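> One structure follows; several queries about it will come next.
The values are calculated or read from the model by the stated rules, or taken from the named source; none is laboratory data. Treat the numbers as computed from the prediction; the structure is a model and nothing was measured. Cβ placement follows ideal geometry from the backbone for every residue including glycine, while neighbour counts extend to all protein chains displayed. Accessible surface areas use protein heavy atoms only, side chains included; no ligands, DNA or RNA. Shrake-Rupley method; radii C 1.70, N 1.55, O 1.52, S 1.80 Å.
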Amino acid sequence: MHPRTTNKFLETFDVYRFSFESAGALALDNEYSGFAVLPAHYIAFAERKRARPWTSIYHFGRYDVKPLATQLFSAYVGIDWADTKHDVCLQAPGAEAREFDRIRHQMTDIDRWAQSLHQRFGGPIAVALELAKGPIVYALQKYDFFVLFPINPLTLAKYREAFAPSRAKDDPTDAELALDLLMRHPQRFTALRPQSVEMRTLLSLTEHRRELVGDKTRFTNRLTNTLKQYYPHALDWFEQHDTLLFCDFLTRWPTFPQVKRARRASLEAFFYAHNGRRPNVISARLGAIKAAIPLTEDMGVIAPCRLQVLVLIEQLRTTLQAIDRFDREIAQLAPRLPDYCLFQDLPGAGPHLAPRLLAAFGEDRQRYQHADELQKYAGIAPVTERSGKKSWVHWRLRCPTFLRQTFVEWAGQTINKSFWAGAYYRQQRAKGSSYQAAVRSLAFKWIRILYRCWQTRTPYDESKYLNALRKRGSPLLKHLELDAQSA
């Protein structure tokens, strides 16, 4: 029986779905992640010569466990947050008793509670909570005597289940478990260190913009489906359906009879007003409109669909205008950041992906000690599971999906923009990899390259990288030569 190559997808709530911020326990990786194993279906992610030897691969924690935290705290606090109240568990070092409290989500109550802890213990005070961002995090970051430690909700849930197989759950208990995790395993969690105001602003802008792009896709899909019901001609007359031109056209002529009655001069004036000045394109559209016949004349279908189209058009137009506003803000902010020059000229980056890549790496060069840490955290490196004689490799299910999406989308853009990237992609496809697997494999290699450029503050140079491949005798050069000969 062959080992399975993937596990079943279990949809879970991911509080770090659109975040580049540290995910606390989410950043932990298993000791096999990102390395080639035999047999490995994702062998493209890592070269065989870089695989860890079998003699060291079973030394659990030898490479990944960080040294014990040396910072001493005057008190430890665990918080289980909610919209209206927060349950708190507190313990002082050396004390056996734990104190429980509950505070309302009101700034006066939070401030009174924080000041009372400061008067009682001084600082610093370690705070464990299930968030890396959010209202309670922003409220506590104002106090310099608090050191925040994000704990992934899944880690806390598994920890709770280990001691409560019945799955009994209570908010004060969760606060105590968060405190217990931090006190017993301090080396497993990293303190939240906010970046500069400019970088955090760029992080938020890119995240919100990507959410708007998702909204645009949803509105466009719903609009396309509605038009197919009664007015599919409009979809054929325009190649792109997520533009202001398309929105304005449907606003003026939302049904087929209306556009059929429109005069030729009115249609030409409309296209010219929207910078559509190519005579052949305009003539082709006008000819298609004149020759078209209606799909249906049933007003029971046309009337409600027309209203639905007008509503979706307004939503789509508002979303497109919002994306443009975010693009202008990002274009003004990103060039002011010191490291933007490292990303603006990357192959295929452009004005949209370059700021996202900058936000993905950030400005804290101590955050990732090696490139493989970023590969694992971003979900690009695969996960290896072993049980007995079985071994299987699958892609990482739980990771900041926006971060993974950034690297994958950019890697896909480099296929036609970078000489070696295109050759590497075609090499992986020739081995039988799917498009997504080949692009993730390419993103794996790109992260290693960008990490080096980021650490040394050196802009990427394609010719230097090709020379480095030549010096190492990389087998990829053979594929580059074959591609050049075939071209």
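> If you check R98, R160, R104, which single one turns out to be in contact with a Cys (Cβ under 7 Å, 6 or more places away or on another chain) and of a type in the set (K, R)?
On the way: R160 fails: in contact with a Cys (Cβ under 7 Å, 6 or more places away or on another chain); R104 fails: in contact with a Cys (Cβ under 7 Å, 6 or more places away or on another chain).
Only one candidate qualifies: R98.
> For T456, all conditions in the list (1) closer than 17 Å to G362 by Cβ; (2) open to solvent by less than 60 Å² (accessible area, probe 1.4 Å) hold save one; what is the number of the exception?
Only one criterion in (1) closer than 17 Å to G362 by Cβ; (2) open to solvent by less than 60 Å² (accessible area, probe 1.4 Å) is unmet by T456, namely (2).
> The conditions are (1) of a type outside the set (A, V, I, L, M, F, W, C); (2) open to solvent by less than 20 Å² (accessible area, probe 1.4 Å); (3) free of Cβ contacts under 8 Å to residues at least 60 places away in the same chain, and Y231 fails exactly one of them. Which is it?
All conditions pass for Y231, except number (3).
> With under 26 Å from T220 (Cβ atoms) and surrounded by fewer than 17 Cβ atoms within 10 Å (Cβ to Cβ) as the only criterion, which of P257, P279 stands out? Let's see the steps before the verdict.
On the way: P279 fails: under 26 Å from T220 (Cβ atoms).
When all the criteria are applied, what remains is P257.
> Identify, by number, the condition in (1) surrounded by 14 or more Cβ atoms within 10 Å (Cβ to Cβ); (2) outside any loop (DSSP other than H, G, I, E, B) that R470 doesn't meet.
(1)
> Between a residue in segment 405-433 that is within 16 Å of Y465 (Cβ to Cβ) and any residue that is acidic (D, E) and surrounded by fewer than 18 Cβ atoms within 10 Å (Cβ to Cβ), which pairs come within a Cβ distance under 8 Å, given they are 6 or more apart or on different chains?
Between residues of segment 405-433 that are within 16 Å of Y465 (Cβ to Cβ) and residues that are acidic (D, E) and surrounded by fewer than 18 Cβ atoms within 10 Å (Cβ to Cβ), the close pairs are S418/E462; F419/E462; W420/E462; G422/D483; A423/D483.
> Is there any pair linking a residue in segment 274-302 that is at pLDDT below 90 to one that is open to solvent by less than 80 Å² (accessible area, probe 1.4 Å) and not in a helix (DSSP H, G or I), with Cβ under 7 Å and at least six apart or on different chains, and which?
I282/G276
> Restricting attention to segment 373-404, which residues are touching a Pro at 6+ places or on another chain (Cβ under 8 Å) and among the hydrophobic types (A, V, I, L, M, F, W, C)? Steps first, please.
Filtering segment 373-404 down to residues touching a Pro at 6+ places or on another chain (Cβ under 8 Å) leaves 377-379, 390-396.
Selection gives A378, W392, V393, W395.
> Failed condition for L192, given (1) without any contact (Cβ under 8 Å) to a residue 60 or more places away in the chain; (2) in contact with a helix residue (DSSP H, G or I) (Cβ under 8 Å, 6 or more places away or on another chain), with all others met?
(1)
> Residue under question is Y138, and the condition is that it be part of a helix (DSSP H, G or I), open to solvent by 40 Å² or more (accessible area, probe 1.4 Å) and without any contact (Cβ under 8 Å) to a residue 60 or more places away in the chain; does it hold?
On the way: part of a helix (DSSP H, G or I): yes; open to solvent by 40 Å² or more (accessible area, probe 1.4 Å): yes; without any contact (Cβ under 8 Å) to a residue 60 or more places away in the chain: yes.
Judged against the criteria, Y138 is a match.
> Still on this structure, I have one more. When you go through R404, R440, R429 one by one, which is the residue that is at pLDDT 90 or above and under 21 Å from K478 (Cα atoms)? Don't jump to the end; show me each part of the working.
Working: R404 fails: under 21 Å from K478 (Cα atoms); R440 fails: under 21 Å from K478 (Cα atoms).
The conditions single out R429.
Residue-by-condition table, conditions (1) touching a Ser or Thr at 6+ places or on another chain (Cβ under 8 Å); (2) within 30 Å of W253 (Cα to Cα); (3) of a type in the set (D, E, K, R):
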| position | (1), (2), (3) |
| --- | --- |
| L310 | yes, yes, no |
| A331 | no, no, no |
| Y340 | no, no, no |
| L357 | yes, no, no |
| R365 | no, no, yes |
| Y368 | no, no, no |
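> Report whether or not S116 is among the hydroxyl-bearing types (S, T, Y) and at pLDDT below 90.
On the way: among the hydroxyl-bearing types (S, T, Y): yes; at pLDDT below 90: no.
When the stated conditions are applied, S116 does not pass them.
> Here's something else I'd like to know. I'd like the full set of residues that are part of a strand (DSSP E or B) and either open to solvent by less than 80 Å² (accessible area, probe 1.4 Å) or over 23 Å from D170 (Cβ atoms) (or both), limited to segment 102-129. Reasoning before the result, please.
Our first condition is that a residue be part of a strand (DSSP E or B); within segment 102-129, this holds for 102-104, 125-129.
Of everything in segment 102-129, those that are part of a strand (DSSP E or B) and either open to solvent by less than 80 Å² (accessible area, probe 1.4 Å) or over 23 Å from D170 (Cβ atoms) (or both) turn out to be I103, I125, A126, V127, A128, L129.
> I'd like the full set of residues that are of a type outside the set (D, E), over 15 Å from F444 (Cβ atoms) and over 18 Å from the mean Cα position of the chain (by Cα), limited to segment 351-393.
Once the filter is applied, which keeps residues that are of a type outside the set (D, E), over 15 Å from F444 (Cβ atoms) and over 18 Å from the mean Cα position of the chain (by Cα), segment 351-393 yields R365, Q366, Q369, R386, S387, G388, K389, K390, S391, W392.
> Does segment 144-157 hold any residues that are crowded, with 21+ Cβ neighbours inside 10 Å, in a loop (DSSP other than H, G, I, E, B) and out of contact with any Phe, Trp or Tyr (no Cβ under 7 Å at 6 or more places or on another chain), and which are they?
N152 - this is the single residue of segment 144-157 that is crowded, with 21+ Cβ neighbours inside 10 Å, in a loop (DSSP other than H, G, I, E, B) and out of contact with any Phe, Trp or Tyr (no Cβ under 7 Å at 6 or more places or on another chain).
> If we only count helices (runs of 4 or more DSSP H) wholly inside segment 158-261, which ones have 3 or more residues that are closer than 28 Å to A291 by Cβ and either in contact with a His (Cβ under 9 Å, 6 or more places away or on another chain) or at pLDDT below 90 (or both)?
Numbers: elements: 171-184, 197-230, 233-237, 244-252, 256-261.
Here the list reads 197-230, 244-252.
> So, one more: Based on what the data block shows, is E297 within 18 Å of K228 (Cα to Cα) and either open to solvent by 40 Å² or more (accessible area, probe 1.4 Å) or assigned to a loop (DSSP other than H, G, I, E, B) (or both)?
On the way: within 18 Å of K228 (Cα to Cα): yes; either open to solvent by 40 Å² or more (accessible area, probe 1.4 Å) or assigned to a loop (DSSP other than H, G, I, E, B) (or both): yes.
Here the answer is yes, as E297 does meet what is asked.
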